[in-house]
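Here the structure comes first, spelled out in structure tokens, and everything after it is commentary.
Every number in this text was worked out from the coordinates using simple rules, so none of it is lab data. Here the structure is a predicted model, which means the values were calculated and not measured. We place every Cβ from the backbone using ideal geometry, glycine too, and count neighbours over all the protein chains shown.
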């Protein structure tokens, strides 16, 4: 894995590892990982689509429609499902965390922070043009860009707080006690970043995201993308387990980044 595809793979592995826990309300860190029933969801499909758009210079809307139509039963929300099925559908002012779970390639592939923020905005606004939808995507992508460029957790935390106004001073244990399923960017992106900030390695970040007890696969995708960029490593057992659950066309998008 390279510094370019590691955050993307980290987000995809987070999605797959969290897939069995979505809506389960898990509240303990010793939950099992790499279950037989793990699968990729809409988070992975959309992550692949955004990656495809960036590396092949495709319009984000076209790439998202292409990949989501190819895999139409991956667990999309109703408004997004309508959007990708209709050629003339317009952005629907969403503040959902779908903009953040698919954005890892913006932070992984951009050559500057400004480019990262621009790609994140453009990838979000084709559907999630609400300010919160764009903010969540940009914060996630920025954290990935800063992490892969050697910034410390404190530097990442400071930038996200100053630039996006998220409160990252809260502790995982305090949030988790009363946290419930929340699909909004404003209610899940900062929490996912906190899971990364309190982690010790990639697996620990994903475990924290799942154990928050909310939108497990999406929060693990967000936290996992940042963690993979920061730690520059995904355990081989997790990598093998998750990559074996991807079809060849998705694997090709990932491996093309090594060329």
Could you work out the relative contact order of segment 116-187, using alpha carbon pairs under 8 angstrom and six or more residues apart, expressed as a whole percent? 30
Could you give the length gained by full extension between residue 82 and residue 180, i.e. 0.36 nm per residue of separation minus their alpha carbon distance, to one decimal place? 32.6 nm
Ignoring everything except DSSP H segments at least 4 long, calculate the 222 nm mean residue ellipticity for the chain; use -39,500 (n - 2.57) per segment, divide by total residues, nearest 500. -18000 deg cm²/dmol
Would you mind ranking 182, 57, 215 by Cβ crowding within 10 Å, fewest neighbours first? 57, 182, 215
Gyration tensor (Cα only) of segment 1-151 to equivalent ellipsoid, semi-axes in Å sorted down, yields 22, 21, 14
Under 8 Å for C-alpha pairs, at least 6 residues apart: give me the relative contact order for segment 140-259, rounded to a whole percent. 26
For the chain, would you read off the P(r) tail past 28 Å as a percentage of all alpha carbon pairs? 22
Here FRET efficiency (C-beta to C-beta, residue 70 to residue 90, R₀ 25 Å, nearest 0.05) is 0.70
Using the beta-carbon distance between residue 35 and residue 236 and R0 = 25 Å, what value does 1/(1 + (r/R0)^6) give for FRET efficiency, to the nearest 0.05? 0.90
Within the set 136, 187, 165, GNM on the chain using Cα springs under 10 Å gives the largest fluctuation to 165
Taking 212, 243, 177 and counting other beta carbon atoms within 10 angstrom, the fewest-first order is 177, 243, 212
Taking 0.36 nm per residue of separation and subtracting the Cα-Cα distance, what length does fully extending residue 201 through residue 115 add? 28.2 nm
Pairwise centroid distance, computed over Cα atoms, of segment 23-95 with segment 152-227, Å: 20
Under a Gaussian network model of the chain whose springs join Cα atoms within less than 10 Å, the largest fluctuation of 56, 149, 97 belongs to 56
Only counting other Cβ atoms within 10 Å, I'd like 126, 183 sorted with the fewest neighbours first. 183, 126
For segment 6-256, what's the relative contact order in percent, using C-alpha pairs closer than 8 Å and at least 6 residues apart? 32
